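**Q** Before I ask anything, let me first share the structure, which is written out below as structure tokens.
Derivation of every value follows stated rules applied to the coordinates shown; laboratory data play no part. Note that the structure is a prediction, hence the values are computed from the model and not measured. Positions of Cβ are backbone-derived with ideal geometry, glycine not excepted, and every protein chain shown enters the neighbour counts.
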Amino acid sequence: MFWYFRRKNDTRYRLKGSGLIPIFLQYRNNMKLSFIAHATFAIDLDDGRRIVIDPYESMTFKGRFNYPPFCTCADFVLITHEHIDHNYLGDIHNIPVVVRHDWCDSSLKVTSHFVWHDKFEGTKFGGGVWMKLIEADGMRILHMGDCGEILTDEQIAALGRIDILLIPVGGFYTIDGHEAADLALRIGARVTIPCHYQTPLCSLPITGPEAFLSHFPNYHVLSTHEIDASSLPTGIVMMKDLYKNGQHERV
């Protein structure tokens, strides 16, 4: 069993007027976001709990996917779909809550939004994807998984406000860089972070982030794989992953 410590001032609920408001609806500034690799992210909440999203299995796809194992403990693992570069639990060193659809407690809410893995209603790349909308510490973060279709206006409206968007840009299995750029503009998140692209450790038939970045000449490049979520600059943000991929020159 994985134990974690809560901060002394973590009251789980805070008073507002005469009612109690869940913490996940209130702004707090101690959430940390980490880009591990590919589509794997970790979120460390203000209350000390850790969320891992779409953990990958290392050294797979016959030598075309050579990221090292990401060994960690987690309170929650969120899985968008059942492919080995998104659903591997073997490197999680405890027994977390695995969320494939929805979850809610007093300080965390996770809801899933369905999209197809491709433009052919899932017949090309294995069905559907459950994008994960995470609400915690006053933030709303959308992880799009392997979204392969162009979202409709109705689908975007159903998402509501997005503070941080984690979007695939490499194409082939997902939307490509140009489609992702258009979708990012339509969603209008405060911060958009591209992922699921080719790197020196990933030679799957996907492209790098250059096509996506070409639409945003003023994108930001971070020198770290982790940052306080409230410190992220507004706009398009290239984060270095845990293995130092992702520091691109301006295109």
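**Q** Taking θ as phi - 60°, what are the ³J(HN,Hα) couplings along the range 158-163 by the Karplus curve (6.51, -1.76, 1.60), each to the nearest whole Hz, with x for Gly and Pro?
**A** Result, rounded to whole Hz: 5, 6, x, 5, 10, 7.
**Q** Work out from phi, with θ = phi - 60° and the Karplus expression 6.51 cos²θ - 1.76 cosθ + 1.60, the ³J(HN,Hα) of each residue of the range 206-223, listed in order in whole Hz, and give x for Gly and Pro.
**A** Working through the residues one at a time gives 10, 9, x, x, 4, 4, 4, 5, 4, 7, 9, x, 10, 5, 9, 10, 9, 9 Hz.
**Q** Restricting to Cα pairs below 8 Å that are 6+ residues apart, what does the relative contact order work out to for the range 22-238? Please round to a whole percent.
**A** 19
**Q** With θ set to phi - 60°, apply the Karplus curve 6.51 cos²θ - 1.76 cosθ + 1.60 along the range 45-51 and write out the HN-Hα couplings as whole Hz, x wherever there is a Gly or Pro.
**A** 7, 4, 7, x, 7, 10, 10
**Q** Then there is this: Whose amide H sits under 5 Å from the amide H of Leu78, counting only residues 5 or more places off or on another chain, with H placed in the peptide plane?
**A** Under 5 Å from the amide H of Leu78: Val52, Ile53, Asp54, Val99.
**Q** Would you pull out the residues with amide H under 5 Å of Ile236's amide H, same chain only if 5 or more places away, H placed 1.01 Å from N?
**A** Those qualifying (amide H under 5 Å, at least 5 residues apart or on another chain) are Thr192, His220.
**Q** In the range 34-89, what trypsin sites (Lys or Arg not before Pro) fall in a loop by DSSP, with at most 10 other Cβ atoms inside 10 Å?
**A** Of the trypsin sites (Lys or Arg not before Pro), the ones in loops of the range 34-89 whose Cβ has at most 10 other Cβ atoms within 10 Å are Lys62.
**Q** Would you mind ranking His196, His220 so that the residue whose beta carbon has the fewest other beta carbons within 10 Å leads the list?
**A** Placing the least packed residue first, the sequence is His220, His196.
**Q** For the range 87-185, which GluC sites (Glu not before Pro) are both in a DSSP coil and crowded by at most 16 other Cβ atoms within 10 Å?
**A** Glu121
**Q** Need one word for the range 113-251: rounded, prolate or oblate. Basis is the Cα gyration tensor (sqrt eigenvalues a ≥ b ≥ c); a/c below 1.5 gives rounded, then a/b vs b/c decides.
**A** In terms of gyration-tensor shape, oblate.
**Q** Counting other beta carbons within 10 Å of each Cβ, put Asp146, Asp118 in order, fewest first.
**A** Fewest-to-most Cβ neighbours within 10 Å comes out as Asp118, Asp146.
**Q** Taking the inverse of the average 1/r across all pairs of different Cα atoms in the range 22-238, what Kirkwood radius in Å do you get?
**A** Taking every pair of different Cα atoms in the range 22-238, averaging 1/r and inverting gives 17.2 Å.
**Q** Quick check for the range 22-238: number of Lys pairs with alpha-carbon distance under 21 Å, counting only pairs 8 or more apart or on different chains?
**A** Summing the qualifying lysine pairs gives 5.
**Q** What ranking of Thr234, Thr60, Thr192 emerges when the number of other C-beta atoms within 10 Å of each C-beta is taken as an exposure proxy, fewest first?
**A** In increasing order of surrounding Cβ atoms, one gets Thr234, Thr60, Thr192.
**Q** Could you pull out every residue, at least 5 positions away or on a different chain, whose amide H is within less than 5 Å of the one on Glu57? Hs are placed 1.01 Å off N in the peptide plane, and Pro or chain starts have none.
**A** Asp85, His86, Asn87, Tyr88
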